[in-house]
1. Suppose we keep only residues that are of a type outside the set (A, V, I, L, M) and farther than 15 Å from residue 144 by Cα within the range 163-184. Which one would you say is nearest to the chain's Cα centre (by Cα)?
2. What are the residue pairs meeting all of these: first residue in the range 353-366, first residue over 28 Å from residue 230 (Cα atoms) and touching a residue at least 24 places away in the same chain (Cβ under 8 Å), second residue assigned to a helix (DSSP H, G or I) and small (Gly, Ala, Ser), Cβ atoms under 8 Å, and 6 or more apart or on different chains?
3. Of the conditions (1) of a type in the set (Gly, Ala, Ser); (2) surrounded by 11 or more Cβ atoms within 10 Å (Cβ to Cβ); (3) at pLDDT below 70, residue 505 clears all except one; give me its number.
4. If you go through the range 95-111 one residue at a time, do you hit one that is part of a strand (DSSP E or B) and surrounded by 15 or more Cβ atoms within 10 Å (Cβ to Cβ)?
5. Could you check, for the range 396-406, whether at least one of its residues is among the basic types (Lys, Arg) and at pLDDT below 80?
6. Which is among the hydrophobic types (A, V, I, L, M, F, W, C), in contact with an Asp or Glu (Cβ under 6 Å, 6 or more places away or on another chain) and within 15 Å of residue 354 (Cβ to Cβ), of 320, 261, 307?
7. Would you mention how many residues in the range 289-317 are farther than 24 Å from residue 224 by Cβ and either acidic (Asp, Glu) or under 13 Å from the mean Cα position of the chain (by Cα) (or both)?
8. Would you check which residues across the range 317-365 are farther than 29 Å from residue 394 by Cα and among the polar types (S, T, N, Q) and list them?
Amino acid sequence: MNYLKSWFIIDLLSCLPYDVFNAFDHEEDQGIGSLFSALKVVRLLRLGRVVRKLDRYLEYGAAMLILLLCFYMLVAHWLACIFYSIGRSDAENGVSYSWLWKLGNVTQQQFNFSRTISKNQVKYELVGGPPRGTMYITALYFTMTCMTSVGFGNVAAETDNEKVFTICMMIIGALLYATIFGHVTTIIQQMTSATARYHEMLNNVREFMKLHEVPKALSERVMDYVVSTWAMTKGIDTNKVLSYCPKDMTADICVHLNRKVFNEHPAFRLASDGCLRALAMYFTMEHSAPGDLLYHTGESIDTLCFVVTGSLEVIQDDEVVAILGKGDVFGDAFWKEPTIGQSCANVRGLTYCDLHSIKRDKLLEVLNFYHAFANSFARNLLLTYNLRHRLIFRKVSDVKREKELAERRKNEPLQELSQDHLVRKIFSKFRRNGSCENRTDVEIDPGDDKENAPSENVVKKDVQKTGKRSLSKWSRVLAKEPTIEEECSPHLEEDSSGEYQKILANLVDLRVDLKLEMQRLNTKICRVDDQIGQLIRLVKPPRNEKMPHPLLSLRPPEPQRIKSLTRKDSLPKRRPKDTLVRVMLENEIHQDKDVAPDVEKSKQH
């Protein structure tokens, strides 16, 4: 039904056999045959279909420009044919000043009339004159000069009919000229719009660099990147183009754009069509220029990159540790690591590179959904360089320096260790501990009372008893001044196994002694806690009875000296503190006597 309403009538009129109709016409009916033949012009309307098909294969601007020029020439052809018909009609009517008659005089090919008699009728026919091609070209030349409003005047309208037609032709020509060539201007601007946008972008970048005083080296890098990116993409926004398509079609286009990655890497060979389409939707294409840094040291690694073209270098500690090329993969093994890692190196472009990358979250989303593909992907994908792991290497300069130091040590004598050296500090600490174990006397404050003498003697005897213990192995070793050879013995190649075993035995003894010392300190701390509790109970009065403070009851002041208490020098000298300290020392001495045998037994064990 749609075809019957639209193109059926036009196709029917254009398909009729008009030549068959003209073959049966008589000489008297030639006008009717010519009218039927004029219906062939309807076929020209079918050019609209050709226009729509050309739009698919040609650019809109170029196709439209060609069609407008063809239409302009077609109108000029029709007007030339009409102008020739008017001149022919005037010449046949005997008008000798028509443009066609003048053309014959100029070309010296005049028209003549031939007289014929048929059926008692006399007819005059116009014969001779210029060739038909000359007449057509002249008529077309006149119509073109009128339509373009030039009008040279060598061919002009002479008769009234010619003048009326020329006026109409000028009006039609003005409208066509304004319409067609106005469209031509717009089409040419559209064809050059990409170039205009390119130059506008370059001007904006240059003005930005000047405004913010960007360094020259960085400005050149930016301009180089902008120019190279435009050369690759031609200013076309891929995401904008894909937004015009439905989801299924967009996935097919993305699979085609990432076909090099899917075909080159074996990790994608076992992926299903649905899995590839899901991955392709998340892939992005990037372009980098020489010198561009894709990763900096310390940045988060959230992208897995596939190198399609170009080459890059991996720099760690100002040293190039790897060169990446076509088909290489770098980033992080997201499917093995639970967290996002930090880059341990810089990745810089050496040439113009095309990279296809996918984000960590998107990749894990696809792997979690397609479990079979996840196993194959984790097994077959090999990272060319993992930015999370730091590469341990030795510089050539460091190796040479180490060799020089080794040769120098062979030729030079061993130097003594400094006083603040770690080894000397450890041995000095061990010697101090040994000297404390061998101490046999205790200093007594001369300001103490004579009442403290018995307790001091007890303490001295206890210390003498403990001092009679034989020194441990590590104490005997550390009692003497260590030599340079003994201090540096772990670093010398001449150490024997016997010395090594001796050091281990000394360390074991040291561990036992330290453990016993810690037990003794713990026991003393417990005693101090008990004595503090006794002091608190002595100082604190009972709740029910109101008794005087125990310290006041130790030495009550004399009645006759109460009046002189206002003077500072006349205050009585009370010494409850000395009495309490004496009691604490006596308790500690008795407890040491009880603990000493246990300590000796544990030491022997």
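The values are calculated or read from the model by the stated rules, or taken from the named source; none is laboratory data. If you're wondering where the values come from, they're calculated on a predicted model, not measured in any experiment. Here the Cβ is made from the backbone with ideal geometry for all residues, glycine too, and neighbour counts use every protein chain on show.
1. Step one: filter the range 163-184 for residues of a type outside the set (A, V, I, L, M), giving 163, 165-166, 168, 173, 177, 179, 181-183.
So of that shortlist, the ones also farther than 15 Å from residue 144 by Cα come out as 163, 179, 182-183.
Numbers: 163: 74, 179: 50, 182: 47, 183: 44 Å.
Across the range 163-184, the extreme among qualifying residues is 183.
2. 366/278
3. All conditions are met except number (3).
4. Of the residues in the range 95-111, the ones part of a strand (DSSP E or B) are 111.
From what's left, surrounded by 15 or more Cβ atoms within 10 Å (Cβ to Cβ): 111.
Yes, because at least one residue in the range 95-111 is part of a strand (DSSP E or B) and surrounded by 15 or more Cβ atoms within 10 Å (Cβ to Cβ).
5. Step one: filter the range 396-406 for residues among the basic types (Lys, Arg), giving 400-401, 403.
Retained after the next criterion (residues that are at pLDDT below 80): none.
Checked the range 396-406: no residue is among the basic types (Lys, Arg) and at pLDDT below 80.
6. Details: 320 fails: within 15 Å of residue 354 (Cβ to Cβ); 261 fails: in contact with an Asp or Glu (Cβ under 6 Å, 6 or more places away or on another chain).
Exactly one residue qualifies, and that residue is 307.
7. Residues that pass the stated criteria total 5.
8. Listed by number, the residues that qualify are 339, 357.
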